[in-house]
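A.B. asks: Sharing a structure below in structure tokens format, with a few things to ask.
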């Protein structure tokens, strides 16, 4: 938790309380529905919450933006980002009902008015468009692009064009090789923002929509 406070010193007391509440909430719910691996649950603050928040250094979201968290699992990165950005709307979707049940419980417990959720697949989303699609460890980037592109707005609210941000690990060239050469993409190594060796091979990949 201290790492979050060090990197985000301007968050409010309410946000601090919400972040602190996440850890016992997830531990309680994870005992019933396994949405976080047993070996990672004790590293929840760094490997899941903080990991989700690193996008703030890459692409801060403007007030009024709408962000889709595709394949949210137990709520990452959408729930931590919903706390960090109370004036941004986050819509969390996942194809596994029990995982969305965990999301529902946490959103309710923390009274996150800017976070909505649905048990659905990307291909089934109708009538909504988003500024960015975000996702952690869901699928290869070529699949993510196919799912994301129909869901992106045409008009832009940020200096960066609307597109996909996906959290990845390993060799970035493996993922970028799946992107057509004419597509614009950018790799952001996370070790740039922390000294934690866990993030040595972690990065966020952006692909323009």
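A.B. asks: One residue is enough: does the range 149-162 have a residue meeting the conditions within 19 Å of residue 72 (Cβ to Cβ) and surrounded by fewer than 14 Cβ atoms within 10 Å (Cβ to Cβ)?
C.D. replies: yes
A.B. asks: Being within 21 Å of residue 196 (Cβ to Cβ) and either within 15 Å of the chain's Cα centre (by Cα) or loosely packed, with under 15 Cβ neighbours inside 10 Å (or both) narrows it down to one residue among 81, 7, 92; which is it? Step through it out loud before you land on a result.
C.D. replies: Details: 7 fails: either within 15 Å of the chain's Cα centre (by Cα) or loosely packed, with under 15 Cβ neighbours inside 10 Å (or both); 92 fails: within 21 Å of residue 196 (Cβ to Cβ).
That would be 81, the only listed residue that is within 21 Å of residue 196 (Cβ to Cβ) and either within 15 Å of the chain's Cα centre (by Cα) or loosely packed, with under 15 Cβ neighbours inside 10 Å (or both).
A.B. asks: Still on this model: Quick one: would you say residue 78 is at pLDDT 90 or above and out of contact with any strand residue (DSSP E or B) (no Cβ under 7 Å at 6 or more places or on another chain)?
C.D. replies: In short, no.
A.B. asks: Do you know which residues across the range 139-159 are farther than 17 Å from residue 183 by Cα and free of Cβ contacts under 8 Å to residues at least 12 places away in the same chain? I'd like the intermediate steps shown before the answer.
C.D. replies: Initial filter on the range 139-159 (farther than 17 Å from residue 183 by Cα): 139, 151, 153, 155-159.
Selection gives 155, 159.
A.B. asks: Just to be sure before I move on: is residue 136 surrounded by fewer than 22 Cβ atoms within 10 Å (Cβ to Cβ), within 14 Å of residue 78 (Cβ to Cβ) and either in contact with a helix residue (DSSP H, G or I) (Cβ under 8 Å, 6 or more places away or on another chain) or free of Cβ contacts under 8 Å to residues at least 24 places away in the same chain (or both) in the structure I sent? Reasoning before the result, please.
C.D. replies: On the way: surrounded by fewer than 22 Cβ atoms within 10 Å (Cβ to Cβ): yes; within 14 Å of residue 78 (Cβ to Cβ): yes; either in contact with a helix residue (DSSP H, G or I) (Cβ under 8 Å, 6 or more places away or on another chain) or free of Cβ contacts under 8 Å to residues at least 24 places away in the same chain (or both): yes.
It is true that residue 136 is surrounded by fewer than 22 Cβ atoms within 10 Å (Cβ to Cβ), within 14 Å of residue 78 (Cβ to Cβ) and either in contact with a helix residue (DSSP H, G or I) (Cβ under 8 Å, 6 or more places away or on another chain) or free of Cβ contacts under 8 Å to residues at least 24 places away in the same chain (or both).
A.B. asks: Ok, one more. Look through 14, 87, 28 and report the one residue that is part of a loop (DSSP other than H, G, I, E, B), at pLDDT 90 or above and over 22 Å from residue 188 (Cβ atoms).
C.D. replies: Numbers: 14 fails: part of a loop (DSSP other than H, G, I, E, B); 28 fails: part of a loop (DSSP other than H, G, I, E, B).
From the options 14, 87, 28, the qualifying one is 87.
A.B. asks: Kindly indicate whether any position in the range 174-192 is within 30 Å of residue 104 (Cα to Cα) and either at pLDDT below 95 or not in a strand (DSSP E or B) (or both).
C.D. replies: First, pick out the residues of the range 174-192 that are within 30 Å of residue 104 (Cα to Cα): 190.
Restricting the remaining residues to those that are either at pLDDT below 95 or not in a strand (DSSP E or B) (or both) gives 190.
Yes, there is a match, as at least one residue in the range 174-192 is within 30 Å of residue 104 (Cα to Cα) and either at pLDDT below 95 or not in a strand (DSSP E or B) (or both).
A.B. asks: Scan the range 31-51 residue by residue and report those that are outside any helix (DSSP H, G or I) and crowded, with 16+ Cβ neighbours inside 10 Å.
C.D. replies: Answer for the range 31-51, where residues must be outside any helix (DSSP H, G or I) and crowded, with 16+ Cβ neighbours inside 10 Å: 35, 36.
A.B. asks: So, in the range 82-106, of the ones that are without any contact (Cβ under 8 Å) to a residue 60 or more places away in the chain and touching a helix residue (DSSP H, G or I) at 6+ places or on another chain (Cβ under 6 Å), which residue ends up nearest to residue 132 (Cα to Cα)?
C.D. replies: Taking the range 82-106 first, the residues without any contact (Cβ under 8 Å) to a residue 60 or more places away in the chain are 82, 85, 87-97, 100, 103-104.
Next, from what is left, pick out any that are touching a helix residue (DSSP H, G or I) at 6+ places or on another chain (Cβ under 6 Å): 90, 92, 94.
On the way: 90: 10, 92: 12, 94: 17 Å.
Going through the qualifying residues, I end up with 90.
A.B. asks: For residue 58, state whether it is touching a strand residue (DSSP E or B) at 6+ places or on another chain (Cβ under 6 Å), within 23 Å of residue 202 (Cβ to Cβ) and either surrounded by fewer than 19 Cβ atoms within 10 Å (Cβ to Cβ) or free of Cβ contacts under 8 Å to residues at least 12 places away in the same chain (or both).
C.D. replies: Numbers: touching a strand residue (DSSP E or B) at 6+ places or on another chain (Cβ under 6 Å): yes; within 23 Å of residue 202 (Cβ to Cβ): yes; either surrounded by fewer than 19 Cβ atoms within 10 Å (Cβ to Cβ) or free of Cβ contacts under 8 Å to residues at least 12 places away in the same chain (or both): yes.
Yes: the conditions hold for residue 58.
A.B. asks: Separate question: If you scan the range 193-209, which residues turn out to be assigned to a strand (DSSP E or B) and either farther than 19 Å from residue 54 by Cβ or modelled with pLDDT under 95 (or both)?
C.D. replies: Just the residues of the range 193-209 that are assigned to a strand (DSSP E or B), to begin with: 202-208.
Passing the criteria: only 208.
A.B. asks: Could you check the range 111-121 and list, in sequence order, the residues that are surrounded by fewer than 19 Cβ atoms within 10 Å (Cβ to Cβ) and either under 15 Å from the mean Cα position of the chain (by Cα) or within 15 Å of residue 49 (Cβ to Cβ) (or both)?
C.D. replies: First pass over the range 111-121, keeping only residues surrounded by fewer than 19 Cβ atoms within 10 Å (Cβ to Cβ): 111, 113-114, 116, 118-121.
Scanning the range 111-121 gives 114, 116.
A.B. asks: Okay, moving on. Would you say residue 73 is in contact with a strand residue (DSSP E or B) (Cβ under 9 Å, 6 or more places away or on another chain), in a loop (DSSP other than H, G, I, E, B), closer than 20 Å to residue 144 by Cα and in contact (Cβ under 8 Å) with a residue 60 or more places away in the chain? Even if it seems obvious, please write down each step before you answer.
C.D. replies: Values: in contact with a strand residue (DSSP E or B) (Cβ under 9 Å, 6 or more places away or on another chain): yes; in a loop (DSSP other than H, G, I, E, B): yes; closer than 20 Å to residue 144 by Cα: yes; in contact (Cβ under 8 Å) with a residue 60 or more places away in the chain: yes.
So residue 73 fits the description; yes.
A.B. asks: Also: Give the residues of the range 11-24 that are more than 21 Å from residue 196 (Cβ to Cβ) and over 18 Å from the mean Cα position of the chain (by Cα), sorted by residue number. Explain how you work it out, then say what you get.
C.D. replies: Initially, the range 11-24 is screened for residues more than 21 Å from residue 196 (Cβ to Cβ), giving 12-15, 17-18, 21, 24.
Passing the criteria: 12, 13, 14, 17, 21, 24.
The values are calculated or read from the model by the stated rules, or taken from the named source; none is laboratory data. Nothing here was measured: the structure is a model prediction, and the numbers come from that model. Methodologically, a virtual Cβ is constructed for each residue, glycine included, from the backbone with ideal geometry; neighbour enumeration extends over all protein chains shown.
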